[in-house]
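The values are calculated or read from the model by the stated rules, or taken from the named source; none is laboratory data. None of the values given here were measured: they were computed from a predicted structure. Cβ coordinates were reconstructed from backbone atoms using ideal geometry, including for glycine residues, and neighbour counts include every protein chain displayed.
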Amino acid sequence: STKAVILVGGPSRGTRFRPLSMELPKPLFPVAGHPIIEHCFRAIAGVPEIKEVFIIGYYEESVFQPFIDYISTAFPQLSVKYLREYQALGTAGGLYHFRDVILKGKPERFFVLNADVCSSFPLTEMLKLFEDKDAEAVMLGTRVATESANNFGCIVSDAHTKRVLHYVEKPEGHISNLINCGVYLFATECIFPAIRSAMKRRTERPRLVSYPSSENLESSIYQGQDDDDEDKESVVIRLEQDVLSDIADSRQFFVLESKDFWRQIKTAGSAVPANALYLTKAFQMQSEELAKPSANILPPVYIHPSAHVDPTAKLGPNVSIGPRVTVGAGVRIKETIVLEDSEIKHDACVMYAIVGWKSKIGAWARVEGTPTPITSHSTSIVKNGVKVQSVTILGKECGVADEVRVQNCVCLPYKELKRDVSNEVIM
Ligand code: GDD
Ligand code: GTP
């Protein structure tokens, strides 16, 4: 049989999804009308042989419980459990810690999904490649522009056999345009021994470990390194840095190159392109959930049934309107997520933006970001020589006064904007 694991991380020390993650853990943030993590479940539910799903992270148990109750009703064929790490163990450390639970019932293989990606998750195709090649591991890859590639794990593969020849996490220089999408299928008998060898290497020469990439350095070394006799399992082990390149060297490791959409959801602004991609997919699948196209609805648009949108407001493309939102007459919204209980007064214009919970946008106000190229994997742009967010974000309960213009700003919760602002972080 086959199981699935979704890696969700924990309450972030990081700042990239702020200010939105101050209210809600990133995996539960709504994109195209559904929590980010629900899109993973929809893909998993499309693979009939998966019966069991684990969410692994270091958030408190209670955080995911309401979501698990909901998703278990939506997909009754799936048994869903949250497994909590007592601290960040790293992407491989978490899997290893819970190996007994994962191995129960002797599944031959299991999927691992990073929760913070937006993808069509072609799991069935990955399974097929796994079987065709008699593989021990398969990862999903996608091509990105050369200038973005080294922000990701880079894969050198044999174009013909699809074998992974070489894997380097966030390399310094250019290695390949084919990058790791954060979606894997592992043979159980391959992955756990591979993680165990990585842990062994690490505990044998802990002080010699250093990584070329500085980004996640803190989480890659011992937690509390002054303490010499800590539990061996408290070593953070990362799939990407510590395990995958070994599997590439010694195992039957293949890559499925996705031709479909894929995007990382790291910054708060990246929820806007993710929203667009999932809405476009829903539209292509003729989802009943989307608003019916009309003169004032340019698809794809999602409107929660409890929202009230004036018929003279023009929405779309790529707009999600959350529960109990009110949108007044003559409003224009595109490329935007409007969260629960917000109010947008008549003739306001909102574009390339996220409007936080219970925010109020005044009449004739303009809240706008800047479009980024469709191929861009970054949500910052350079304006007048300064790096700014391409998406304008209003945190929870912000207010924009009538006729005020807000451009390329990130606004922390509970702020009242009474004058025009641009290219600022409003704290
Ligand atoms: N349970 C658990 N425990 N989950 C974790 C931990 C941990 O200690 N650390 C990270 N995660 C989760 C994150 O929430 C995320 O879903 C996933 O694991 C990977 O996160 P990062 O470790 O921050 O890696 P990354 O996103 O910078 O890079 C990874 O994903 C890219 C694709 O989005 C790598 O796999 C790259 O190679 C890849 O290109
Ligand atoms: P910046 O500080 O903004 O560069 O970002 P960051 O990577 O530290 O945090 P971000 O909010 O972008 O989160 C990235 C992912 O890592 C999320 O999925 C988090 O859940 C996860 N994460 C958060 N804290 C930790 C940690 O201490 N260790 C590890 N390994 N992952 C974490």
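Quick notes
- Screening Phe64 with (1) within 12 Å of ligand 2 (Cβ to nearest atom); (2) more than 18 Å from Ser270 (Cβ to Cβ); (3) assigned to a helix (DSSP H, G or I); (4) of a type in the set (A, V, I, L, M, F, W, C) gives one miss only, at (1).
- Index of the failed condition, Ser1 passing every other in (1) out of contact with any helix residue (DSSP H, G or I) (no Cβ under 7 Å at 6 or more places or on another chain); (2) within 11 Å of ligand 1 (Cβ to nearest atom); (3) at pLDDT below 95: (2)
- Of all residues in the range 398-421, those being part of a strand (DSSP E or B) and free of Cβ contacts under 8 Å to residues at least 24 places away in the same chain number 3.
- Residues within the range 9-61 that are within 8 Å of ligand 2 (Cβ to nearest atom) and closer than 18 Å to Val183 by Cβ, tallied: 4
- Condition met for Lys266 (surrounded by fewer than 22 Cβ atoms within 10 Å (Cβ to Cβ) and at pLDDT below 95): yes
- Just one of the listed residues (Tyr86, Tyr82) is in a loop (DSSP other than H, G, I, E, B), among the aromatic types (Phe, Trp, Tyr) and within 16 Å of ligand 1 (Cβ to nearest atom), and it is Tyr86.
- Test: residue in the range 368-375 that is more than 30 Å from Ala43 (Cβ to Cβ) and among the acidic types (Asp, Glu): yes
- When Ile297, Ile337, Ile333 are checked against the criterion of being farther than 22 Å from Phe261 by Cβ, within 25 Å of the chain's Cα centre (by Cα) and crowded, with 16+ Cβ neighbours inside 10 Å, Ile333 stands alone in meeting it.
- Condition check for Ser213: closer than 30 Å to Thr375 by Cα, within 26 Å of the chain's Cα centre (by Cα), modelled with pLDDT under 95 and within 16 Å of ligand 1 (Cβ to nearest atom): yes
- Evaluation of Ala365 against (1) more than 24 Å from Thr280 (Cα to Cα); (2) within 28 Å of the chain's Cα centre (by Cα) (one fails), failing number: (2)
- Residues (more than 23 Å from Gly330 (Cα to Cα) and either in contact (Cβ under 8 Å) with a residue 12 or more places away in the chain or buried (at least 16 other Cβ atoms within 10 Å of the Cβ) (or both)) located in the range 361-379: Thr372, Thr375, Ser376, His377, Ser378, Thr379
- Scanning the range 52-71 turns up no residue that is buried (at least 22 other Cβ atoms within 10 Å of the Cβ), within 16 Å of ligand 1 (Cβ to nearest atom), hydroxyl-bearing (Ser, Thr, Tyr) and in contact (Cβ under 8 Å) with a residue 40 or more places away in the chain.
- Matching entry among Ala198, Ala145, Ala135 (being crowded, with 19+ Cβ neighbours inside 10 Å and either of a type in the set (Ser, Thr, Tyr) or away from ligand 2 (no atom under 16 Å from the Cβ) (or both)): Ala135
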